[in-house]
Amino acid sequence: MDSALLLTLLLPVAVVSHVLDMPSQVLFKVGERRELICNMSSCPEKVKFIWTALEDRPLFTTTDSRDRESVLVFDSVMKNHENTILCKATCGKETKQATTKIKVYSFPRNPVISGYDSLKLGEENVLRCEVSSVHPSELLEVQWLYGKTVLQTVEGEPERDAFSVPFKFIPSNVDDGKAITCRASLLVEGMPADEMTKETSVPITVLSAPHNVKVSGVTAVPLGSNLTLTCEAEGKPKPAFTWTALKPDGRSVEMGKHQDLYMRDVSLSDAGTYQCDVNNNLGSQKANVSVVVQAPPMNTLIVASPQSTLKEGDAVSISCISSGVPVTHVVLSRRVNGVHTEITSSKGAETLVAIDSVKLADSGMFMCEAFNDYGSQETTLNLIVEAHLLEVALQPEGEVVLEKGSGLILSCQASGCPQPKFSWKYLPNMKILRRFKTDGFRSQLVFDLVELEDEGTYLCEVTCGSIKKSEQTEVKVFSFPTSPVVKNSGPSLVGEMMKLTCTALEVFPANLFQILWMDGEREMHSETGSFSSGSINLTSVYSYHVNTEDQDKRITCKVLLEMRGVPAARAVKTASTTLFVHYPPRATMITVSPLTELKEGKSMSISCLSDSFPVGRMVLSRVMDGVQTELMTSDGLETLFTIPSIELDDSGVYVCETSNMYGSHNDSVEITVKAPPRNTTVEIFPSKDVQEGQNITICCHSVSFPPPTVVLSKLDSEKNVYSLDGVFLLINLTPNDTGLYQINVTNDLGYETEIFNISVMEKRVNSPLGWNDFLLPAICLGVAAALLGVVVHVWRARKKGSYDLTKCNLSTV
């Protein structure tokens with residue numbers, strides 16, 4: 001029973017659910033104070049409220065909470081208040097929540113139009129509609145309207161606070177004062193209709209420079225009457241008017257700054273052009289009007305152009321003109337012997353007659369008479385025609401000399417005559433020439449390529465009316481086209497005659513040419529040409545006796561044209577030939593460097609020079625013991641033979657011989673090679689070991705030059721034995737002769753020694769002989785050997801080659 005009662009009591013409580021009241025979406029206007037109320041009125045107790053911004057931005061609000069409701073206060077609505085807001089309410093243990101989407105709009109003021117009050121007529125102008133502080137800007141729509149016609153619609157863009165919408169407009173006159181409207185609409189849902197659209201209308205002001213300028217009034221008035229001219233024009237701002245008189249002398253005289261121009265009692269000086277200047281700050285425009293003062297002809301003139309005093313043949317224009325007042329017609333006439341003869345006439349104020357070429361008979365009095373409804377006026381002109389002072393100049397004048405093939409222009413100049421007439425003549429046959437060209441006061445006779453037959457006298461004749469004058473020039477032509485051609489008969493032997501030929505080709509006039517044969521500045525021979533009617537080849541032949549010193553000599557042929565007027569550079573031409581003289585070899589010379597006597601091992605160069613033509617064959621050889629050995633040959637005037645390291649065997653007589661087809665020539669030199677002793681050897685016969693009483697022959701061999709001195713000495717004795725041929729004979733040896741011996745071979749360049757041992761075995765039969773017992777015989781034999789050595793030395797010295805000591809002849813030992 002108690003459980004059922006408790007369930008009955010609790011069941012209604014569980015069923016009751018509180019409601020949270022808050023609008024799901026609100027629209028606020030920027031700048032207003034607004035409130036957002038969150039209400040849970042069904043809660044019997046005080047409700048706990050919590051406000052939360054669901055978007056990532058602060059609330060910028062204040063909160064006023066009561067028992068069952070909470071108010072979120074927006075003191076001044078801003079764009080930043082746009083948000084999604086959560087209101088969470090807790091009643092006891094029950095919590096409810098609701099969300100509201102807050103949207104904000106701003107559209108506080110009407111559009112502002114600029115540029116409407118200064119539009120220029122006919123030009124493209126830009127009007128601007130400024131819409132500011134708009135939100136949300138992407139829902140903005142801006143329209144330009146002319147009356148009820150929509151001219152342009154522009155949609156807004158996000159995230160923009162202000163818009164400037166331009167409109168390009170070309171106004172016309174009818175647009176001035178008409179209204180143009182800028183309408184801005186903010187299409188926000190829920191926004192009050194009266195706030196959604198704002199518009200501004202302004203009157204268009206069309207500015208224009210002055211236009212449609214015109215002048216009204218009578219422009220032809222009688223002399224002495226009054227004149228009123230009115231200037232009218234359109235333009236905005238209102239234009240100003242200025243009247244100006246344009247004088248014939250170019251001056252401008254201001255007449256007044258009014259729309260009307262008034263002149264009292266007009267005179268002839270008031271006739272002319274008047275200008276109305278209309279201007280405002282956008283521009284200006286002018287209008288001209290011509291004022292005519294009606295009167296009899298007054299400013300009648302007769303004028304001769306270019307002048308009234310003329311030369312015969314001149315052209316002249318005679319004009320008759322009346323410019324003071326309107327003229328009905330004019331008459332130009334001439335008076336001859338008191339009789340007037342009309343030449344020409346015309347309706348209007350002007351007439352003219354032209355004479356292309358006046359004559360002396362055209363001199364006289366001319367009259368011009370002008371007529372109108374109010375009377376006439378006559379003026380006269382005295383025309384004077386004089387004969388010309390004709391002058392003629394011909395260039396080149398007098399005489400001209402030029403070369404065949406060159407160009408020539410004869411220029412004839414006339415002065416003192418406006419229209420000269422030219423003619424050309426060739427005087428040798430008085431032929432009239434037609435190949436000239438004339439340009440005004442000059443006529444030219446042109447020769448593109450002058451030929452010999454063009455030589456002669458040319459006359460230019462000028463006619464000017466009744467006057468004739470002439471000038472003439474003599475043309476002389478020469479031909480000297482090339483340098484002369486020189487030839488010789490070829491190489492000649494010394495003492496023979498060489499034939500030289502010089503030819504000047506295609507020369508004219510031949511009788512004025514001279515050929516000179518020149519040796520440097522020395523004239524050797526000359527010839528002069530003979531008369532010829534045309535160009536010829538002029539030749540001179542000269543025989544020349546050649547000598548040795550004429551080799552490579554240049555003989556010059558100089559051709560002179562002795563004609564007045566020929567430029568010096570063209571009057572002389574030369575050509576040369578080189579003489580080639582043949583001769584046998586001569587001046588052959590052989591030289592040795594550095595010396596003819598050298599030490600073995602040195603470098604030596606042998607140079608051979610010779611002179612011959614044609615160049616011969618050169619042979620260098622060495623003569624030794626009567627035998628000639630060829631070392632080298634060459635074709636030319638010089639050869640060089642080098643021995644890098646000279647030896648004793650290179651001593652001898654060297655011969656250089658040069659030969660050609662005409663003979664030969666040689667030179668020689670003797671070369672001596674020196675060397676210190678070397679390769680020394682000692683031979684002992686019969687043996688180094690001998691019995692007491694035997695004889696020993698010692699033979700020393702050595703290579704050297706000059707011949708050495710050979711000295712034999714016993715090392716334990718102070719005595720020396722000399723030999724010229726290196727042979728020593730020891731007689732009747734004793735045991736005391738046993739010991740070491742030394743051979744010393746010496747010349748000026750050095751020495752060499754050899755040591756050897758001699759052993760003498762004792763023989764006891766007789767008392768042994770001592771060193772003194774065989775010294776005297778040995779000396780005697782040595783002297784004999786020395787004499788023999790001297791003979792050999794003299795013979796070998798003549799050879800000047802290597803020197804070998806005499807070998808021992810074993811059969812004589």
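Evaluated with a Cβ-only charge set (Lys, Arg +1; Asp, Glu -1), the range 360-498 carries a dipole of roughly 580 debye about its Cα centre, given to the nearest 20. For the range 473-490, putting each phi into the Karplus relation 6.51 cos²θ - 1.76 cosθ + 1.60 with θ = phi - 60° gives couplings of 9, 8, 9, 10, 10, 10, 10, 8, x, 9, 5, x, 10, 10, 10, 10, 7, x Hz, in residue order, rounded to whole numbers and with x for Gly and Pro. The fraction of accessible area contributed by carbon and sulfur in the chain is 51 percent, rounded to a whole number (1.4 Å probe; ligands and nucleic acids excluded). Cα centroid distance between the range 199-214 and the range 48-96, in Å? Measuring centre to centre over Cα atoms gives 58 Å.
Please work out the Cα center distance from the range 563-594 to the range 253-273, rounded to the nearest Å. First find each Cα centre; the distance between them is then 104 Å. Between the helical axis of 771-799 and the longest alpha-carbon principal axis of the chain there is an angle of about 50 degrees.
Partners of Lys93 within straight-line reach, counting lysines whose Cα lies under 29 Å from its Cα and excluding those fewer than 8 residues away in the same chain: Lys46, Lys48, Lys101. Our estimate of slack between Asn511 and Arg109, defined as 0.36 nm per intervening residue step minus the Cα-Cα distance, is 132.7 nm.
Per residue, the chain exposes 53 Å² of accessible surface when a 1.4 Å probe is rolled over the protein heavy atoms with every protein chain present. Using a probe of 1.4 Å, the accessible surface attributed to Thr219 totals some 50 Å² when neighbouring protein chains are kept in position. Working from Cα pairs under 8 Å separated by at least six residues, relative contact order for the chain is 5 percent. Find how many whole Å separate the alpha carbon centroid of the range 662-696 from the alpha carbon centroid of the range 319-395. When both Cα centres are located, 142 Å separates them.
Computed extension length for Leu352-Ser532: 58.1 nm, one decimal, from 0.36 nm per residue of separation with the Cα-Cα distance subtracted.
Computed about the Cα centre, the dipole magnitude for the range 39-105 is approximately 140 debye when only Lys and Arg (+1) and Asp and Glu (-1) carry charge, each at its Cβ.
Taking amide H as placed 1.01 Å from N in the peptide plane, Arg678 has its amide H under 5 Å from the amide H of Val703, each at least 5 places away in sequence or on another chain.
A straight Cα-to-Cα reach below 18 Å connects Lys599 with the lysines Lys674, Lys799, Lys800, residues fewer than 8 places away in its own chain not being considered. Between Ala162 and Val623, residue separation times 0.36 nm minus the direct Cα-Cα distance comes to 153.2 nm. With a simple spin-label model that places each label point 7 Å from the Cα along the Cα-to-Cβ direction, the separation between Glu403 and Lys468 comes to 4.0 nm. For Lys347, a cut-off of 18 angstrom between C-alpha atoms picks up these aspartates and glutamates, skipping any fewer than 8 places away in its own chain: Glu369, Asp373, Glu378. When Val655, Val358, Val572 are compared by accessible area at a 1.4 angstrom probe, the order from most to least is Val572, Val655, Val358.
Between Glu124 and Thr84, the FRET efficiency estimated from the beta carbon spacing at R0 = 51 angstrom works out to 0.55.
The long axis of helix 2-15 is offset from the longest Cα principal axis of the chain by roughly 80 degrees. Over 30 Å between C-alpha atoms is what I'm after, so list which of Lys29/Lys178; Lys437/Lys573; Lys602/Lys688; Lys236/Lys257 land there. In this structure, Lys29/Lys178; Lys437/Lys573; Lys602/Lys688 lie more than 30 Å apart at Cα. For Asp176, what accessible surface area do you get with a 1.4 Å probe? Give it in Å², rounded to 10. That residue has around 60 Å² of solvent-accessible surface.
Measuring with a 1.4 angstrom probe and ignoring ligands and nucleic acids, His388 comes out at about 10 Å² accessible.
The values are calculated or read from the model by the stated rules, or taken from the named source; none is laboratory data. Quick caveat: nothing in here was measured; it's all calculated off a predicted structure. Please note: Cβ atoms are built from the backbone with ideal geometry, for glycine as well, and neighbour counts cover all protein chains shown. Heavy atoms of the whole protein, side chains included, go into the accessibility calculation; ligands, DNA and RNA do not. Shrake-Rupley method; radii C 1.70, N 1.55, O 1.52, S 1.80 Å.
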